[in-house]
Amino acid sequence: SQQGEEDPQALSIQEGENATMNCSYKTSINNLQWYRQNSGRGLVHLILIRSNEREKHSGRLRVTLDTSKKSSSLLITASRAADTASYFCATDSWAGSYQLTFGKGTKLSVIP
Amino acid sequence: DTGVSQNPRHKITKRGQNVTFRCDPISEHNRLYWYRQTLGQGPEFLTYFQNEAQLEKSRLLSDRFSAERPKGSFSTLEIQRTEQGDSAMYLCASSSGQGVINYGYTFGSGTRLTVV
């Protein structure tokens, strides 16, 4: 079953603009991760944020986590055409399972 | 080590045939996972190995599916008597970790299965 729900399902922006994607989840988590997937390819790990962290940065990426609202956001600043991809959030839990539970993803299109 | 390698990249098979996919994880990673992804959806967990032991299996993994990881190195995923509903991208990932700590996943590029 899919735990996370990304919002919006699709996002189209101009190059240079910022892109914000949101993720909500249902159960308590250990970590939350964001992945990028180019069409027909595997997933590339972007950033991991632990449940006791509230914000994390990596280059042009900024991730926030609000465990009280069970939500996370991914901000990509100064977007580039090469950022065009689908973005997924994935959670794992303390429940003794090592599986990641993914949302359905946000399809980002950056128009040059 | 160039990451997680999956073979073949694409597989087209007739309904009812058996197929086998291979995954070579990052050599120092003790944990290996298989996921399935259908069009427009996120990946869904199938099974997990720690070294050679298969510790977790999803309800998605029907009796027609079997996975192995002999000697805790590469892994194979076999689907017997394929059905059109098995058409999907099959993703393998590996990670290192101890206990509840997981040090991040690396995914392969996937095997795209089409059942005709």
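The values are calculated or read from the model by the stated rules, or taken from the named source; none is laboratory data. All values reported here derive from a predicted model rather than from experimental measurement. Virtual Cβ from ideal backbone geometry, glycine too; neighbours counted across all protein chains shown.
Just checking, which of A:S73, A:S39 is farther than 22 Å from B:Y35 by Cβ, out of contact with any Phe, Trp or Tyr (no Cβ under 6 Å at 6 or more places or on another chain) and hydroxyl-bearing (S, T, Y)?
A:S73
Looking only at strands (runs of 3 or more DSSP E) that fall completely inside segment B:37-114, which ones have 2 or more residues that are under 27 Å from A:I47 (Cα atoms) and not hydrophobic (A, V, I, L, M, F, W, C)?
B:44-50, B:53-57, B:88-95
Listed here are the residues, each with its yes/no results for (1) acidic (D, E); (2) at pLDDT 90 or above.
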residue	(1), (2)
B:E56	yes, no
B:E68	yes, yes
B:K71	no, no
B:E83	yes, yes
B:V100	no, no
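Which of the residues belonging to segment B:59-77 are surrounded by fewer than 18 Cβ atoms within 10 Å (Cβ to Cβ) and touching a Lys or Arg at 6+ places or on another chain (Cβ under 9 Å)?
Answer for segment B:59-77, where residues must be surrounded by fewer than 18 Cβ atoms within 10 Å (Cβ to Cβ) and touching a Lys or Arg at 6+ places or on another chain (Cβ under 9 Å): B:L60, B:R64, B:F74, B:T76.
Among the residues that make up segment A:61-69, is at least one of them under 22 Å from B:Q98 (Cα atoms), small (G, A, S) and part of a loop (DSSP other than H, G, I, E, B)?
Looking for residues that are under 22 Å from B:Q98 (Cα atoms), small (G, A, S) and part of a loop (DSSP other than H, G, I, E, B), one finds none in segment A:61-69, hence no.
Consider A:S93 carefully, then state whether it is on the phi < 0 side of the Ramachandran plot, touching a residue at least 60 places away in the same chain (Cβ under 8 Å) and out of contact with any strand residue (DSSP E or B) (no Cβ under 7 Å at 6 or more places or on another chain).
yes
Somewhere in segment A:4-14, is a residue within 12 Å of another protein chain (Cβ to nearest Cβ), outside any loop (DSSP other than H, G, I, E, B), more than 15 Å from A:S71 (Cβ to Cβ) and among the small types (G, A, S)?
Yes; the residues of segment A:4-14 include at least one that is within 12 Å of another protein chain (Cβ to nearest Cβ), outside any loop (DSSP other than H, G, I, E, B), more than 15 Å from A:S71 (Cβ to Cβ) and among the small types (G, A, S).
Working only within segment A:82-112, note down all residues that are modelled with pLDDT of 90 or more, hydrophobic (A, V, I, L, M, F, W, C) and surrounded by fewer than 24 Cβ atoms within 10 Å (Cβ to Cβ).
A:A82, A:A85, A:L108, A:V110, A:I111, listed by residue number.
Could you check A:G40 against (1) more than 13 Å from every other protein chain (Cβ to nearest Cβ); (2) exposed (fewer than 13 other Cβ atoms within 10 Å of the Cβ); (3) assigned to a loop (DSSP other than H, G, I, E, B) and say which number it fails?
For A:G40, the exception is condition (1).
Answer yes if at least one residue in segment A:90-100 is assigned to a strand (DSSP E or B) and either in contact with an Asp or Glu (Cβ under 8 Å, 6 or more places away or on another chain) or more than 14 Å from chain B (Cβ to nearest Cβ) (or both), and no otherwise.
Scanning segment A:90-100 turns up no residue that is assigned to a strand (DSSP E or B) and either in contact with an Asp or Glu (Cβ under 8 Å, 6 or more places away or on another chain) or more than 14 Å from chain B (Cβ to nearest Cβ) (or both).
Could you tell me which numbered condition B:Q41 fails, if it satisfies all but one of (1) within 15 Å of A:T101 (Cα to Cα); (2) within 15 Å of the chain's Cα centre (by Cα)?
Here B:Q41 meets the rest and fails (2).
Would you confirm whether or not segment B:107-115 contains a residue that is more than 10 Å from every other protein chain (Cβ to nearest Cβ), out of contact with any Phe, Trp or Tyr (no Cβ under 8 Å at 6 or more places or on another chain) and more than 25 Å from A:T91 (Cβ to Cβ)?
Checking segment B:107-115: at least one residue is more than 10 Å from every other protein chain (Cβ to nearest Cβ), out of contact with any Phe, Trp or Tyr (no Cβ under 8 Å at 6 or more places or on another chain) and more than 25 Å from A:T91 (Cβ to Cβ).
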